[in-house]
Amino acid sequence: MRAALRAAGIGGAGAAAAALTAGCGPGRPAADLSSPPPGPPSSPPPGPARPARPAQAAAPAAPRRFAGQPVEIGHGPRDRGRVALTFHGNGEPALARAALAAAEKGGARVTVLAIGSWLDAHPDLARRILDGGHELGNHTQRHLAINDMGEAEAYAEITGCAQRLKRLTGSIGTWFRPSRTQYATPLVQKLAQRAGYPHVLSYDVDSLDFTSPGAAAVIRNVTGTIRPGSVVSLHFGYADTVDAMPPLLEELARRKLRAVTTTELLTP
Ligand SMILES: [Zn+2]
């Protein structure tokens, strides 16, 4: 059993379930979300609205427009020693907590793009993420191929997750990332803006961690292409990612690249 799974207290069944989790990138079959996980449905109806309860005492951060940046942002300034580690928020909560703990131990603050159905199943993770000084955003309600959807369905995917974030944290989150694609279509960009997100968050470094290639390959995939300003795509729910975090953060520190939130990356 891998160290991360031991650390997270997860056995083989958890690993198998995590392996079913779909990645963000293009080219992944839609079928792997078609088999519901065992146990109760992971997407209960929203139910009666709970009062807004900001996760932090301060007013929760709202999406910002960054002057000079395109609607779709793939990286930050190339002339400063900062990078953003961004996580697809889904999968086994123990692995998410382990990844957050590893980030914090290494002095990193990260950006989590949460799937709405994951927040429905694990609402406490929204507070855990914000309380760790990390950033929280929207990665659609169900993580389907949003670029292939019609306008009404795609908009509902964005607003469904936004409503959950608002209810849990008081904010719709600072970023939107489309599901199952690196880039949003012009329609999806327009719908994200309509839902309140001035920008769509893409990335320029793909760790390919969701293919479970082993921690060493995850580290190679990132360190082989990362440079100042990079936005790295990573995923909660995979043991390789957790195992990769400590050596990856050490290597970034050696290169004088500080892992900051996406807002910090883009703030002059
Ligand atoms: Zn994703």
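The values are calculated or read from the model by the stated rules, or taken from the named source; none is laboratory data. What you are looking at is a predicted structure, and each value in this text was computed from that prediction instead of being measured. We place every Cβ from the backbone using ideal geometry, glycine too, and count neighbours over all the protein chains shown.
Before moving on, here are some points about what is shown:
- Residues that are surrounded by fewer than 21 Cβ atoms within 10 Å (Cβ to Cβ), modelled with pLDDT of 95 or more, at negative phi and in contact with a Leu (Cβ under 7 Å, 6 or more places away or on another chain) occur at least once in the stretch 98-106.
- In summary, residue 237 fulfils each of the numbered conditions (1) outside any helix (DSSP H, G or I); (2) away from the ligand (no atom under 16 Å from the Cβ); (3) of a type outside the set (A, V, I, L, M, F, W, C) with the single exception of condition (2).
- Residues that are within 16 Å of the ligand (Cβ to nearest atom) and in a loop (DSSP other than H, G, I, E, B) within the stretch 162-184 comprise 173, 175, 177, 178, 179, 180, 181, 182, 183, 184, listed in sequence order.
- Any hit, the stretch 244-267, residues being assigned to a strand (DSSP E or B), closer than 24 Å to residue 70 by Cβ and aliphatic (A, V, I, L, M): yes
- Which listed residue, of 162, 195, 114, 126, is more than 21 Å from residue 261 (Cα to Cα) and at pLDDT 95 or above: 195
- Filter result (within 16 Å of the ligand (Cβ to nearest atom) and out of contact with any Phe, Trp or Tyr (no Cβ under 7 Å at 6 or more places or on another chain)) within the stretch 149-161: 149, 154, 157, 160, 161
- Restricting 85, 136, 100, 187 to residues that are more than 16 Å from the chain's Cα centre (by Cα) and either away from the ligand (no atom under 15 Å from the Cβ) or under 16 Å from residue 232 (Cα atoms) (or both) narrows the list to 187.
- Looking only at residues of the stretch 201-218 that are surrounded by fewer than 24 Cβ atoms within 10 Å (Cβ to Cβ) and among the aliphatic types (A, V, I, L, M), we find that the one that is farthest from the ligand (Cβ to nearest atom) is 216.
- Test: residue in the stretch 215-229 that is of a type in the set (S, T, N, Q), without any contact (Cβ under 8 Å) to a residue 60 or more places away in the chain, more than 30 Å from residue 65 (Cβ to Cβ) and in contact with a strand residue (DSSP E or B) (Cβ under 8 Å, 6 or more places away or on another chain): yes
- Odd one out for residue 243 among (1) more than 16 Å from residue 73 (Cα to Cα); (2) more than 16 Å from the ligand (Cβ to nearest atom); (3) surrounded by fewer than 20 Cβ atoms within 10 Å (Cβ to Cβ): (3)
- Taken as a whole, the structure places residue 174 among residues that are under 20 Å from residue 73 (Cα atoms) and at pLDDT 95 or above.
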